[in-house]
Amino acid sequence: MRIAKASLQDWESIRRISSVSGYDDYIGKIGPSYLKDGTVLAVYDTELIAFMKLEFLRDRSVWLSGLRVDPSRRREGIATYLTKGGLEHARSKGCTVARMIISATNTPSVNLAKRLGFQPILDYQFYEGAVDTSGFSLLEEVPRYPLFLVWKVMIPDSNMKVEGRYLVRGESRMFLTESGDTTYYHLLSGNDFSFTEGDSIIVVERGRFHLTNMKRLDGFEEGLVFQKFLI
C-alpha cells in the first residue's frame, strides 16, 4: 500500500467509497470540487481504498476530515495508516497542531483518535435555527478563543484575520461564518440571544448554554473536537 495525493481522476472511487461508508455522504453532495480545497490524501493498493482531507489553517494547524475506508477493507489498520501519513505530511508543511471533529456517537473514530494521541479539547452541541443579530455590532478584534469556521475550528491570535463576523451586544458575543445558504452561529458568551426557526445551525459548547425547546441537529447532535500537537 502507498499514500499519495488524490487527483480528479480518482473522483469516482472517492464518490463510491463515500456513498457506501455508512456516514452522511456530504462528500458526494459537494462533487468533484471536494478535491480542489485542501489536500486529499488517498491509500492505494491495486486501487484507491481510502481517503481523507487535510486543510491548512492560518494558526499553523491542520484540519483533518472525511476519513473514509472502503468497507471491504476495514479492520486492516488502513485508517490508522492513513491518519499517521496525514500527520507526517502536515509536519512537513510546518503545521504545529492537528485537529478534527468527530460525532460523539462515532465510537470507532473516537477510539482511533485516542489511540493516535489526540485529546478532546471541546464538546460542541448543534441546534437547528438562527439567531437574531439586531442590535449587535461588528468587531474587528478577534478573541484568542476557538472559533467555529464551517466544520473547522481555529484558535486565532489577536492580529489574525479570519473569514467570518465577530458580533457583540453587551456581554453577549457570537461568531458567524457562512457556507452557501447556511449560517453557523457560534455562541461565545453572554445570554442575551433571541432564536428563530431556520435552516441554519447554532453551535454551542456543552454546559455553556442551555437552549431549551430547540431542535438538535439531525445526525450530528454533538461533536468532540480532538487535538494533537505535532512538535
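For the reader, a short list of remarks on this structure follows.
- Sum of side-chain charges, residue 103 neighbourhood, beta-carbon under 11 Å (Lys, Arg +1; Asp, Glu -1): -3
- Span from the the stretch 9-37 Cα centroid across to the the stretch 57-92 one, whole angstrom: 16 Å
- Counting only DSSP beta bridges with both residues in the chain, the antiparallel share comes to about 90 percent.
- DSSP-loop trypsin sites (Lys or Arg not before Pro) across the stretch 35-126, with at most 16 other Cβ within 10 angstrom: 36, 58, 60, 74, 75, 93
- Applying both filters, DSSP loop and at most 12 other Cβ atoms within 10 Å, to the GluC sites (Glu not before Pro) of the stretch 45-76 gives 47.
- Around residue 35: net Lys/Arg minus Asp/Glu count, Cβ-Cβ under 11 Å: +2
- Taking all pairs of distinct alpha-carbon atoms in the stretch 123-225, Kirkwood radius in angstrom: 13.8 Å
- Net charge of neighbours whose Cβ lies under 11 Å from the Cβ of residue 125, counting Lys and Arg as +1 and Asp and Glu as -1: -1
- Computed from the Cα positions only, the extents of the chain along the three principal axes stand at 59, 36, 31 Å, in decreasing order.
- Cross-link pairs beyond the 25 Å C-alpha cut-off, checked among 5/161; 93/228; 53/161; 5/93; 53/93; 36/152: 5/161
- Global size of the stretch 2-95 as Cα Rg and Dmax, reported in angstrom: 12.6, 37
- The gain in end-to-end length when the residue 123 to residue 76 segment is fully stretched comes to 14.0 nm, 0.36 nm per residue minus the alpha carbon separation.
Each reported figure results from applying straightforward, stated rules to the coordinates on display, with no laboratory input. It should be emphasised that the depicted structure is a prediction, and the values quoted were computed from it without experimental measurement. Neighbour counts run over all protein chains shown; Cβ positions are idealised from the backbone, glycine included.
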